[in-house]
Amino acid sequence: MKLFISLLICGSCLFGCNDEDDQSKEPDTLQWKKLGLDGKSVNQMLVSGTTLYVATTTGMFKRELNNANADFAVMGFAGKNVQAVEIINNDEILISLFDKSGGEEPALYKTNDDGINWLLVESNFGGDFPEPVFDFALNPGDESILLASGFGVVAKSLDGGLTWEPIYGEWGAFGTGVSVVTFNKNATEEIWAGGQGAIENGFLIRSVNEREWDEWTSLVENPTVVKEITFTPGNRDRIFVGWEGALLRTVNSGQTWQTLIESEENKFFFGICTDDENPDLIFAGGWIKTPEPQPLILMISRTGGDSWEEFEFTGETYGGILDMQIRHEEGKDVLYLGLDKGGIYEVTSSGF
């Protein structure tokens, strides 16, 4: 089923209009603000309290969100590809370095002082031959349980990332990588993950016991890859999965699937966020695989994914969305969009 987007609103109407004009034309408003890191490509973002942490292809950065005049601060690893970031043990930040050129071995580093000092983690991730971590996941029901994904493996650590045991796949597997791993926040015994195999074959997997895995390999036509898995607040069964070329939803924990958006341009759906107070309010965004400029488009559904509106901000040249985070403050949703060469945008929405 292909969804034709119901509404397109240019960024010039969304940004810079006064309140009276907004009320006469469109009851909802989006306020777009570029926070910085222009020219950077984002791998992953994490909001912790009032701090935004950003792992990029050229270093690790942070920004205080309560200070409107704050700049991004360099946390380290300038010029290096920081693939993933996670906060463990309350204040310990763990990152994954991955030199895609092969010049340096993949490595894990952690800091206990917000990036002033970094320590190499002497871990066994990868077994005899280190392999990169593409994503981390901390169990929200038991924060002593940490997961990480590699080329064709999901592994578990109970000691903060020092030692790892594969629970899916094996070390040294051939594949593009398990690009995302996560716990169902409504049922924390349930693990979901997905990525791409050796022949550009996309796959989605799930387990409730860390031993037996359900697997979906033909939900989207290959070549494809899973890039995002998002859960509905208070509903363990309704799950959104972003693939290359499509955004899918299940309302029964994977028994059946619906294609909500099918992209003729094979957009990678990296960003999917849900509203904690309104489970039918969904935000989505993605990236078209090209080095050329592309529009910055935010998709919003107020019907749990059944219908969508497109909002385009025309002020950004490189608008491909590679990650998206959300927080709720003062009755408003605040989105953080991490772009491909476009830096970081803050988008505030109200009236939904």
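The values are calculated or read from the model by the stated rules, or taken from the named source; none is laboratory data. Please read all numbers here as calculations on a predicted model, not as lab measurements. With ideal geometry, Cβ positions are generated from the backbone for all residues, glycine too; neighbour counts draw on all protein chains shown.
The table that follows gives values for the structure above.
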quantity: Failed item in (1) closer than 30 Å to residue 348 by Cα; (2) at pLDDT 95 or above, with residue 67 passing the rest; calculated: (2)
quantity: Unique match (being over 20 Å from the mean Cα position of the chain (by Cα) and either among the polar types (S, T, N, Q) or closer than 23 Å to residue 274 by Cα (or both)) among 149, 144, 179; calculated: 144
quantity: Inter-residue pairs, beta-carbon under 6 Å, first touching a residue at least 12 places away in the same chain (Cβ under 8 Å) and surrounded by fewer than 16 Cβ atoms within 10 Å (Cβ to Cβ) and in segment 248-266, second in a loop (DSSP other than H, G, I, E, B) and of a type in the set (A, V, I, L, M, F, W, C), 6+ apart; calculated: 265/288
quantity: Lone unmet requirement of (1) closer than 22 Å to residue 253 by Cα; (2) buried (at least 18 other Cβ atoms within 10 Å of the Cβ); (3) β-branched (Val, Ile, Thr) for residue 208; calculated: (2)
quantity: Every residue from segment 267-282 that is in contact (Cβ under 8 Å) with a residue 60 or more places away in the chain, over 18 Å from residue 179 (Cβ atoms) and either surrounded by 23 or more Cβ atoms within 10 Å (Cβ to Cβ) or in contact with an Asp or Glu (Cβ under 7 Å, 6 or more places away or on another chain) (or both); calculated: 275, 281
quantity: Any hit, segment 152-160, residues being of a type in the set (D, E, K, R) and surrounded by fewer than 15 Cβ atoms within 10 Å (Cβ to Cβ); calculated: yes
quantity: Residue among 338, 342 that alone is of a type in the set (Gly, Ala, Ser), surrounded by 18 or more Cβ atoms within 10 Å (Cβ to Cβ) and in a strand (DSSP E or B); calculated: 338
quantity: Residues of segment 55-103 satisfying the condition of being closer than 22 Å to residue 128 by Cβ, part of a loop (DSSP other than H, G, I, E, B) and in contact (Cβ under 8 Å) with a residue 24 or more places away in the chain; calculated: 98
quantity: Total residues in segment 184-198, condition surrounded by 16 or more Cβ atoms within 10 Å (Cβ to Cβ) and in a strand (DSSP E or B); calculated: 9
quantity: Qualifying residue in segment 126-141 (condition: aliphatic (A, V, I, L, M), part of a loop (DSSP other than H, G, I, E, B) and more than 17 Å from residue 195 (Cα to Cα)); calculated: no
quantity: Number of the exception - residue 292 against (1) in a loop (DSSP other than H, G, I, E, B); (2) farther than 22 Å from residue 336 by Cα; (3) in contact (Cβ under 8 Å) with a residue 12 or more places away in the chain; calculated: (3)
quantity: Tabulated pairs, segment 320-334, first outside any strand (DSSP E or B), second modelled with pLDDT of 90 or more and of a type in the set (Asp, Glu), C-beta under 6 angstrom, 6+ apart or interchain; calculated: 320/340
quantity: Selection count where residues are of a type in the set (Phe, Trp, Tyr) and within 26 Å of residue 119 (Cβ to Cβ), scope segment 156-182; calculated: 2
quantity: Residues of segment 14-47 satisfying the condition of being at pLDDT 95 or above and not in a loop (DSSP other than H, G, I, E, B); calculated: 32, 33, 34, 35, 36, 41, 42, 43, 44, 45, 46, 47
